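Okay, structure first, notes after.
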Amino acid sequence: MRRALLPVRPHRVAPSSPAQVRRLVVLRPNAIGDFVFALPALHALRASWPQAHITLLGRAWHHALLSGRPGPIDEVVVLPDIPGVGAPEDSSSDPKEVDRFVASMQQARFDLAIQLYGGGRYTNPFVRRLGAALTVGMQADDAEPLDRNLPYERWRNERLRLLEVVGLAGATARELNPRLVVTARDHAVLAGVAPLPHQPIAVLQPGATDERRRWPVERFAAVGRALAQAGAFIVINGSEAEQPLTAELASRLSGSPHVDLGGRLPLSGLVALLQRARLLVSNDTGPLHLASALGCPSVGIYWAMNVITAAPLVQGRQRAVLSMGLMCPVCGAENVRQRCPHQVSFVTDVTVDEVLAAALAEWHAGPGGHTAPAAQPLPEPARS
């Protein structure tokens, strides 16, 4: 029998005015792309409650990347392993460790707790345990409610969804495409891993955690060779698990100036790399979305349904090339309302010519580009 979460939270009076919100906690313990999706909402919280202390409940990588970095977050607290709350639903946890963690969070006496992590089946009971005076978040059909709830539906733009959630708490959007601050430490990490030449850099990202979002590696190689002929030094990026993929791409780029950083580059170094790069060509995965927060022009290869959830709110120089195939190439099953078990690419109908045309257009536009500048903060609302 699954151990029930403690049902009772300390009784506190919900804040009745913005000035009463002194401590905020946000639950968002997922991957880098998902963090970028949350940036507009996090900046809205900071702009709406500039005096508040904002705590992010996240993962170890959040702490490593965000600690000491200017931005909307004051503090990152790393969650213990909790099934369905940052850890797989079928994973194990230490109930006593979880209870100790919850007790420490209750001592913070949060005025507001915001759930930005899925439909709430596992997360809403956890957020209620934190003891905040007011709880806000998303609610799927199988989830218990918080004090204020946004109905959770699958195919929605994630950035807009999260802005709606914080809007339920009273926050107002100030920036649609906020930037992540790059530090001298980021550039030092990059230089320590791989000193790069002074020529313009194009980054290729051939991996993705979901194989359905992986464009064939030989097509990345064709794009890489063309960019090298246009004067680019090619940097291949990928996680440690993706090293076989990045190594294959490197072998196909033999004769073109390149370096394979698969498994070698910490996230801090990737931040510096993308700020410096003239172009990123990528599957729909974390670095693609990180590029939009760093002002790096990009060409993203998307399965059509994912562009609904992942598209940036300000296009700028972020180009999307779409696969419109909805049926599994193996069994023919429609994968919008369900997901078949086959781990195959759903983006193979995207051609090299499509991606290369977009990539060369951005490459030849140069560092300044030819499109509109990054979005500016919205004007302050009129006050009566």
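Details
- Region 185-365: mean projected area of Cα convex hull, nm²: 10.0
- Quarter of Cα convex hull surface for the chain, i.e. mean projection, nm²: 20.4
- A simple charge model with +1 on the Cβ of Lys and Arg, -1 on the Cβ of Asp and Glu and nothing else charged puts the dipole of region 216-260 at about 240 debye relative to its Cα centre.
- Given R0 = 35 Å, the distance between the Cβ atoms of Ile308 and Gln51 translates into a calculated FRET efficiency of 0.45.
- For a label point 7 Å along the Cα-to-beta-carbon line of Gln343, residues of region 263-290 with backbone N under 14 Å: none
- Protection proxy ranking of 113-119, 350-356 - average other beta-carbon atoms within 10 Å, highest first: 113-119, 350-356
- Most mobile of Val336, Val26, Val271 in a GNM of the chain (Cα contacts under 10 Å): Val336
- Full extension of the segment from Ala222 to Ala108, taken as 0.36 nm per residue of separation minus the current Cα-Cα distance, would add 35.6 nm.
- Think of the chain as having a plus end and a minus end, set by charges on the Cβ of Lys, Arg, Asp and Glu; of Leu57, Ala169, Pro329, Ala169 sits farthest toward the positive end of this dipole.
- Dipole of region 185-365 computed with +1 at Lys/Arg Cβ and -1 at Asp/Glu Cβ about the Cα centre; of Ile234, Ala272, His258, farthest Cα towards the positive end is Ala272.
- Of the trypsin sites (Lys or Arg not before Pro) in region 26-114, the ones in a loop by DSSP (not H, G, I, E or B) with at most 15 other beta carbons within 10 Å are Arg109.
- Taking the alpha carbon gyration tensor of region 20-168, multiplying each eigenvalue by 5 and rooting it gives semi-axes of 20, 19, 16 Å, largest first.
- Computed helical MRE - 222 nm, the chain, DSSP H runs ≥ 4 contributing -39500 (n - 2.57), nearest 500: -10000 deg cm²/dmol
- Hz values of 3J(HN,Hα) by residue in region 319-330 - Karplus curve (6.51, -1.76, 1.60), Gly and Pro given as x: 9, 10, 10, 10, 9, 9, x, 9, 9, 4, x, 8
- Three-way shape call for region 160-200 based on the alpha-carbon gyration tensor, with the a/c threshold at 1.5: prolate
- Projected label points at Ala184 and Arg100, each 7 Å from Cα along the beta carbon direction, are separated by 3.8 nanometres.
- Cβ charges +1 (Lys, Arg) and -1 (Asp, Glu), total dipole of the chain, debye: 920
- Rounded to the nearest 20 debye, dipole of region 20-168 from Cβ charges on Lys, Arg, Asp, Glu: 500
A short reminder: the numbers here are calculations on the coordinates, not readings from a lab. Given the structure is predicted, the values throughout are model-derived calculations rather than measurements. Reconstructed Cβ throughout: ideal geometry from the backbone, glycine too, with neighbour counts over all protein chains shown.
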